[in-house]
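The values are calculated or read from the model by the stated rules, or taken from the named source; none is laboratory data. Because the structure is a prediction, the values reported are computed rather than measured. Every residue, glycine as well, gets a Cβ built from its backbone with ideal geometry; the counts of neighbours run over all protein chains shown.
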Amino acid sequence: MAFTVDVSRRSAARWAGRLRALCAAAAVLALLAGCSRPVNAPRALDEYAGNTLFSSFSGRSPRTLDPQASYSSDETIYVYGAYEMLYGYHYLKRPYELVPRAAREVAAPVYYDREGRELSADAPASEIARSVYRIAIKQGMRFAPHPAFARDAAGGYLYHDLPPEKAAALKSPLDLPERGIREVTAEDFVYGIKRIASPLVVSPVLSAMQTHIEGLDVLAQTLQQKVRAMREAGDARWLDLRETPVSGVRALDRYTLEITVKGKYAQFSNWLTMSFFAPVPWEAERFYHNPGFRENNISLATWPVGAGPFMLVKSLANREHVLQRNPNYRFEPYPCEGMPEDEKNGMLADCGKPTPFVDRIVMTMEKEAVPTTTKFLQGYYDSPQITRLDVGQGYLVAMGDDPEKEKLYRGRRLQFPSTIEASISYIGFNWLDPVVGAGSTPEQARRNRLLRQAISIALDWEEEIAIFSKGQGRAAHGPLPPGLFGWREDGPEAFNPVVYKKDASGRIVRRSIEEARRLMELAGYPDGRDAATGRPLVLNFDWQSAAAGSKAYLEWVAKQFAKLGIQLEVRATDYNRFQEKMLKGSAQIYLWGWLADYPDAENFFTLLYGPNSKASSSGGENASNYANPEFDRRFERMKDLENTPEKARLIDEMTRIVQQDAPWSFGYYPTSVAALQHWVKNAKPTQMIRYNVQYMRIDAAERMEKISEWNAPLVWPAAAALALLAAFVWRVRVTASRRAQRRGIGAGPRGDAHRRRS
């Protein structure tokens, strides 16, 4: 580029200023070149040096963080981080073992008959009128600091009557300058349980709990009437639940909670591990009652007030949420016992150390999967989604399909811990159907049973796991998954003799298709045709058409039936229509799944209990509408037992019954696979223990080292710009000097004026 230089004294001064500015710009660029953050870094590098766990979430922010209303997996990291439950499960032991958390110990219920006489623990369930749980809670537990507890010098609450216009100006309740603390008492647990019955909360477990907790149904009706009357009268006062008692829940003293359950319900202790029974301080509800808070969606559903290991300190809807260590959290040691493989995997190295280990948890919204994966591989996320235990499966699939990705993932020592979860996927047969169901006569029942058994053999779940789950699962032999009491590697739960056999070496293998065809002949369907009419056997498979990967999966299912000569008609509908069919009992064969609410055999065998039939008036979870009196009698006994040898025997017997009846082709137990960086320690995936982040530890030094190694700073643009600028400055100075010399501007070495050169 050609240019000229004005050599007047004014222009010389102007150029001197320009040169100084250019030199300053060069210095800034040089500084940037030396201090550039690595490529794509979402935040300042010094944050990664801290004791913080970084992860992301997809979709929208959690719907509610109200402990009595929350029932979604994407909410658990916040709810179970902020609140402390009475019980939990041992982090490492399997089968799952109930352990105390806020409670001093796991309390054994005391049983009473209808006359109020105390009964022994082994009394028949039919004689037990009520079970009383007296639970001592730990002393000295305190809620996290919060403005709801702040008081003035006279002892009054500072912010319970905050002017609505001031409340409306707040973006967060933590913007208020003062915070207070308070000890957790038994009354806080009473208040939390009452909230299950409140029409202002709308708890998803009210219908279940009011059938078990004495007086909760009466409380729900009373509160509905109160709220209706208040609304009709235009009364905007706060609904203080302390004013309305419930007969089955009370505080015996400051640190003793009593809950009365109707009859005997052995699984009730498992419910006490869930957030629905979390302690809630009345001050929190009173504080959030301010109408001004609605302006910025400030409520107990968005800003928890709990006594858990963490507290929510930042919440930007659909952007970012930050949990921070609760400074008032009680001492909770890391476990010192576990399964044999836990010690081998270094899971016991932190034995006895106080938890939580991390100071903060930062959850950032990522709308797309690609940037999430990219940032994870760069080290900016400790897990792509810490709340999801299926996220690792995608990485394992990618490793199997792409050698370069396998090399990359292994080179970066990414962790993909897995576990067989307390869940099952299966194909069910409708017991009400004349062809695959119970049958109206003994002969029809025999034929239908043989048909179901043949189909169960033909449905090759090992192949399904290999193709569609990339090996992440275990073929099921019955309804009970591994890891729960009653499941034994040498028991019927691990060997279904109807579908499998043992070869010469003792290895369990699926029975051959020839054996399945022989069963078809005995059922009256040789080569898939009705022996009496010669017509082909056509069966209907009801399917939710919105499911992902439908075409390939349906082709696979049809192929399994075709092995037996059965023609499969797929009846695809939307989810609502599918549910309607299931409720009416009009489906014939269907795909279904179940994830345990709590880790107990009752929660799985209830899916086959006759009175729980989905098509009956109860609308239960027995989707196959299966009914067998022998099974039902055993279930009714088993469900009321603690984990005893008798319970284990009944589980074995029920398993053998359903293996013979084959109301399900038992499918498989899915494997949960997490995805974590190597510097994340103590990670044991589980969907039952919802506070597992409390036990995870971060090696921040390793994280910083790897971020630097994996992400070279992007300095070449700054370096190139610096070089161009330096060349430009040099050109200007040289040209200006030469022009000045020709025109006699400037002083020589001795102070003589330069002479103009021709």
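Selection of segment 331-346 for residues being at pLDDT 95 or above, under 25 Å from Val79 (Cβ atoms) and assigned to a loop (DSSP other than H, G, I, E, B) yields Tyr334, Pro335.
Could you tell me whether segment 593-605 includes any residue that is of a type in the set (Gly, Ala, Ser), within 28 Å of the chain's Cα centre (by Cα) and assigned to a strand (DSSP E or B)? Yes, segment 593-605 contains a residue that is of a type in the set (Gly, Ala, Ser), within 28 Å of the chain's Cα centre (by Cα) and assigned to a strand (DSSP E or B). In segment 299-323, the qualifying residues are those that are in contact with a Gly (Cβ under 6 Å, 6 or more places away or on another chain) and not in a loop (DSSP other than H, G, I, E, B), and the one that is farthest from Arg63 (Cα to Cα) is Phe310.
State yes or no: is Ile513 surrounded by fewer than 18 Cβ atoms within 10 Å (Cβ to Cβ) and either within 28 Å of Thr655 (Cβ to Cβ) or charged (D, E, K, R) (or both)? Considered against the rule, which asks whether it is surrounded by fewer than 18 Cβ atoms within 10 Å (Cβ to Cβ) and either within 28 Å of Thr655 (Cβ to Cβ) or charged (D, E, K, R) (or both), Ile513 comes out as yes. Got at least one residue in segment 428-438 being of a type in the set (S, T, N, Q), within 21 Å of the chain's Cα centre (by Cα) and at negative phi? There is no residue in segment 428-438 that is of a type in the set (S, T, N, Q), within 21 Å of the chain's Cα centre (by Cα) and at negative phi. In segment 112-137, the qualifying residues are those that are out of contact with any Asp or Glu (no Cβ under 9 Å at 6 or more places or on another chain) and among the charged types (D, E, K, R), and the one that is modelled with the lowest pLDDT is Asp122.
Arg413 meets all of the listed conditions (1) crowded, with 20+ Cβ neighbours inside 10 Å; (2) of a type outside the set (Gly, Ala, Ser); (3) in contact with a His (Cβ under 8 Å, 6 or more places away or on another chain) but one, namely (1). One residue stands out in segment 235-284 among those that are at pLDDT below 95 and of a type in the set (Gly, Ala, Ser): the one that is surrounded by the fewest Cβ atoms within 10 Å (Cβ to Cβ), namely Ala236. Residues in segment 465-519 that are part of a loop (DSSP other than H, G, I, E, B) and under 30 Å from Met399 (Cα atoms): Ser469, Lys470, Gly471, Gln472, Ala476, His477, Pro481, Pro482, Gly483, Arg507.
Residue by residue, here is whether (1) within 34 Å of the chain's Cα centre (by Cα); (2) of a type in the set (A, V, I, L, M, F, W, C); (3) surrounded by fewer than 17 Cβ atoms within 10 Å (Cβ to Cβ) holds:
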residue	(1), (2), (3)
Val132	yes, yes, yes
Ile135	yes, yes, no
Gly156	no, no, yes
Thr211	yes, no, yes
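Scanning segment 364-399 for residues that are at positive phi and surrounded by fewer than 19 Cβ atoms within 10 Å (Cβ to Cβ) yields a total of 0.
Here Ala683 fits the description: crowded, with 20+ Cβ neighbours inside 10 Å and either within 19 Å of Leu389 (Cα to Cα) or not assigned by TED's automatic domain parsing to the domain that holds Gly471 (or both). Would you check if Ala532 is exposed (fewer than 13 other Cβ atoms within 10 Å of the Cβ), aliphatic (A, V, I, L, M), assigned by TED's automatic domain parsing to the domain that holds Pro434 and not in a helix (DSSP H, G or I)? Answer is yes for this residue.
As for segment 164-171, it holds at least one residue that is in contact with a Pro (Cβ under 9 Å, 6 or more places away or on another chain) and surrounded by fewer than 18 Cβ atoms within 10 Å (Cβ to Cβ). Here is the figure for segment 260-298: residues that are closer than 29 Å to Pro145 by Cβ and not in a helix (DSSP H, G or I) total 11. Scanning segment 613-634 for residues that are surrounded by 20 or more Cβ atoms within 10 Å (Cβ to Cβ), of a type in the set (S, T, N, Q) and out of contact with any Pro (no Cβ under 7 Å at 6 or more places or on another chain) yields a count of 4.
In segment 437-453, is there at least one residue being among the β-branched types (Val, Ile, Thr) and either assigned to a helix (DSSP H, G or I) or assigned by TED's automatic domain parsing to the domain that holds Trp679 (or both)? Walk me through how you get there before you give the answer.
To start, the set of residues in segment 437-453 that are among the β-branched types (Val, Ile, Thr) comprises 441.
Then keep just the ones that are either assigned to a helix (DSSP H, G or I) or assigned by TED's automatic domain parsing to the domain that holds Trp679 (or both); that gives none.
Checked segment 437-453: no residue is among the β-branched types (Val, Ile, Thr) and either assigned to a helix (DSSP H, G or I) or assigned by TED's automatic domain parsing to the domain that holds Trp679 (or both).
Restricting attention to segment 543-555, does a residue exist that is closer than 28 Å to Asp401 by Cβ, in contact with a helix residue (DSSP H, G or I) (Cβ under 7 Å, 6 or more places away or on another chain) and in a helix (DSSP H, G or I)? Within segment 543-555, one or more residues are closer than 28 Å to Asp401 by Cβ, in contact with a helix residue (DSSP H, G or I) (Cβ under 7 Å, 6 or more places away or on another chain) and in a helix (DSSP H, G or I). If you go through segment 349-389 one residue at a time, how many are in a loop (DSSP other than H, G, I, E, B) and touching a residue at least 60 places away in the same chain (Cβ under 8 Å)? Of the residues in segment 349-389, 19 are in a loop (DSSP other than H, G, I, E, B) and touching a residue at least 60 places away in the same chain (Cβ under 8 Å). Inspect segment 517-527 for any residue being under 31 Å from the mean Cα position of the chain (by Cα) and more than 30 Å from Leu98 (Cα to Cα) and give the result as yes or no. No, segment 517-527 contains no residue that is under 31 Å from the mean Cα position of the chain (by Cα) and more than 30 Å from Leu98 (Cα to Cα). Among the residues of segment 482-497, those identified as of a type in the set (Gly, Ala, Ser) and either closer than 14 Å to Arg649 by Cβ or surrounded by 23 or more Cβ atoms within 10 Å (Cβ to Cβ) (or both) are Gly486, Gly491.
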